[in-house]
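Scroll down for the structure; my scribbles are underneath it.
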Amino acid sequence: MDEPLTQIDPRVVAELRCLPARGAANLFVKLVDLFAVGSSEALAQMQTALQLSAGGQAAAICHKLKSIAGHVGATAFAREVARIERHCVEGDLARARDLFAGLQAAHPALLAELARP
(Lines give C-alpha, C1' and ligand atoms only; values in the text may rest on other atoms or scores of the structure.)
Protein backbone atom coordinates (compact mmCIF):
# COMPACT_ATOMS: atom_id res chain seq x y z
CA MET A 1 0.00 0.00 0.00
CA ASP A 2 1.69 3.18 -1.21
CA GLU A 3 -0.69 5.76 0.19
CA PRO A 4 -2.83 5.97 3.32
CA LEU A 5 -6.30 4.55 2.90
CA THR A 6 -7.71 7.83 4.20
CA GLN A 7 -6.26 9.84 1.31
CA ILE A 8 -8.96 11.43 -0.81
CA ASP A 9 -8.82 12.95 -4.27
CA PRO A 10 -9.14 16.71 -3.70
CA ARG A 11 -10.19 17.27 -7.33
CA VAL A 12 -13.18 14.94 -7.00
CA VAL A 13 -14.16 16.48 -3.67
CA ALA A 14 -13.89 20.02 -5.08
CA GLU A 15 -16.06 19.10 -8.08
CA LEU A 16 -18.69 17.48 -5.86
CA ARG A 17 -18.75 20.44 -3.48
CA CYS A 18 -19.55 22.74 -6.42
CA LEU A 19 -22.52 20.75 -7.67
CA PRO A 20 -25.93 22.19 -6.86
CA ALA A 21 -28.19 20.10 -4.69
CA ARG A 22 -31.94 20.06 -4.88
CA GLY A 23 -33.47 20.37 -1.45
CA ALA A 24 -30.13 19.91 0.30
CA ALA A 25 -27.65 22.53 1.37
CA ASN A 26 -24.68 20.60 -0.01
CA LEU A 27 -24.73 17.58 -2.29
CA PHE A 28 -21.28 16.48 -1.15
CA VAL A 29 -22.40 16.33 2.49
CA LYS A 30 -25.38 14.21 1.45
CA LEU A 31 -23.14 11.88 -0.57
CA VAL A 32 -20.72 11.51 2.34
CA ASP A 33 -23.63 10.68 4.65
CA LEU A 34 -24.83 8.03 2.20
CA PHE A 35 -21.28 6.69 1.87
CA ALA A 36 -20.93 6.47 5.66
CA VAL A 37 -24.04 4.32 5.93
CA GLY A 38 -23.44 2.26 2.79
CA SER A 39 -19.77 1.61 3.46
CA SER A 40 -20.41 0.65 7.09
CA GLU A 41 -23.04 -1.86 5.97
CA ALA A 42 -20.76 -3.19 3.22
CA LEU A 43 -17.85 -3.64 5.63
CA ALA A 44 -20.06 -5.58 8.05
CA GLN A 45 -21.34 -7.77 5.20
CA MET A 46 -17.82 -8.31 3.88
CA GLN A 47 -16.58 -9.32 7.31
CA THR A 48 -19.32 -11.93 7.56
CA ALA A 49 -18.65 -13.20 4.03
CA LEU A 50 -14.92 -13.51 4.73
CA GLN A 51 -15.57 -15.29 8.04
CA LEU A 52 -17.79 -17.77 6.18
CA SER A 53 -15.18 -18.15 3.42
CA ALA A 54 -17.77 -16.99 0.89
CA GLY A 55 -15.31 -15.55 -1.63
CA GLY A 56 -17.86 -14.88 -4.35
CA GLN A 57 -20.13 -13.01 -1.98
CA ALA A 58 -17.20 -11.03 -0.56
CA ALA A 59 -16.06 -10.13 -4.10
CA ALA A 60 -19.53 -8.85 -4.98
CA ILE A 61 -19.62 -6.70 -1.85
CA CYS A 62 -16.15 -5.38 -2.67
CA HIS A 63 -17.29 -4.45 -6.16
CA LYS A 64 -20.13 -2.34 -4.76
CA LEU A 65 -17.96 -0.76 -2.05
CA LYS A 66 -15.21 0.08 -4.54
CA SER A 67 -17.72 1.98 -6.64
CA ILE A 68 -19.28 4.02 -3.84
CA ALA A 69 -15.84 4.87 -2.42
CA GLY A 70 -14.72 6.17 -5.79
CA HIS A 71 -17.80 8.33 -6.12
CA VAL A 72 -16.89 10.38 -3.03
CA GLY A 73 -13.21 10.67 -3.92
CA ALA A 74 -11.95 7.97 -1.55
CA THR A 75 -9.68 6.66 -4.29
CA ALA A 76 -7.00 5.02 -2.10
CA PHE A 77 -9.71 3.19 -0.16
CA ALA A 78 -11.34 2.13 -3.45
CA ARG A 79 -8.03 0.77 -4.76
CA GLU A 80 -7.54 -1.28 -1.60
CA VAL A 81 -11.08 -2.65 -1.92
CA ALA A 82 -10.21 -3.62 -5.51
CA ARG A 83 -7.17 -5.54 -4.22
CA ILE A 84 -9.36 -7.39 -1.74
CA GLU A 85 -11.88 -8.12 -4.49
CA ARG A 86 -9.12 -9.58 -6.66
CA HIS A 87 -7.93 -11.85 -3.83
CA CYS A 88 -11.50 -13.02 -3.24
CA VAL A 89 -11.96 -13.84 -6.92
CA GLU A 90 -8.63 -15.69 -6.95
CA GLY A 91 -9.61 -17.67 -3.84
CA ASP A 92 -6.88 -16.19 -1.62
CA LEU A 93 -9.22 -15.46 1.28
CA ALA A 94 -6.41 -15.44 3.85
CA ARG A 95 -4.82 -12.47 2.07
CA ALA A 96 -8.24 -10.86 1.61
CA ARG A 97 -8.86 -11.14 5.35
CA ASP A 98 -5.46 -9.58 6.12
CA LEU A 99 -6.13 -6.62 3.84
CA PHE A 100 -9.68 -6.29 5.14
CA ALA A 101 -8.40 -5.72 8.68
CA GLY A 102 -6.51 -2.63 7.51
CA LEU A 103 -9.47 -1.42 5.50
CA GLN A 104 -11.77 -1.75 8.47
CA ALA A 105 -9.31 0.04 10.75
CA ALA A 106 -8.96 2.96 8.31
CA HIS A 107 -12.70 3.43 7.77
CA PRO A 108 -13.46 5.75 10.74
CA ALA A 109 -10.53 8.03 9.86
CA LEU A 110 -11.63 8.08 6.22
CA LEU A 111 -15.14 9.17 7.25
CA ALA A 112 -13.61 11.91 9.43
CA GLU A 113 -11.42 13.07 6.52
CA LEU A 114 -14.41 13.20 4.17
CA ALA A 115 -16.42 15.19 6.73
CA ARG A 116 -13.78 17.90 7.02
CA PRO A 117 -14.89 21.23 5.51
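For the condition surrounded by 14 or more Cβ atoms within 10 Å (Cβ to Cβ), in a helix (DSSP H, G or I) and touching a Leu at 6+ places or on another chain (Cβ under 8 Å), residue 87 qualifies. The set of residues from segment 8-49 being farther than 30 Å from residue 97 by Cβ, not in a helix (DSSP H, G or I) and not small (Gly, Ala, Ser) comprises 19, 20, 22, 26. Any residue at all in segment 48-59 that is touching a residue at least 60 places away in the same chain (Cβ under 8 Å), surrounded by fewer than 17 Cβ atoms within 10 Å (Cβ to Cβ) and hydroxyl-bearing (Ser, Thr, Tyr)? For segment 48-59, residues touching a residue at least 60 places away in the same chain (Cβ under 8 Å), surrounded by fewer than 17 Cβ atoms within 10 Å (Cβ to Cβ) and hydroxyl-bearing (Ser, Thr, Tyr): absent. Within segment 60-78, the set of residues being over 9 Å from the mean Cα position of the chain (by Cα) and without any contact (Cβ under 8 Å) to a residue 12 or more places away in the chain comprises just one member, 60.
Residues are listed down the side, and each one gets a yes or a no for (1) hydrophobic (A, V, I, L, M, F, W, C); (2) modelled with pLDDT under 90:
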site: 1; (1), (2): yes, yes
site: 6; (1), (2): no, no
site: 18; (1), (2): yes, yes
site: 26; (1), (2): no, yes
site: 30; (1), (2): no, yes
site: 36; (1), (2): yes, no
site: 46; (1), (2): yes, no
site: 50; (1), (2): yes, no
site: 63; (1), (2): no, no
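The values are calculated or read from the model by the stated rules, or taken from the named source; none is laboratory data. It should be emphasised that the depicted structure is a prediction, and the values quoted were computed from it without experimental measurement. Ideal geometry is used to build each Cβ from the backbone, glycine not excepted, and the neighbour counts take in all protein chains shown.
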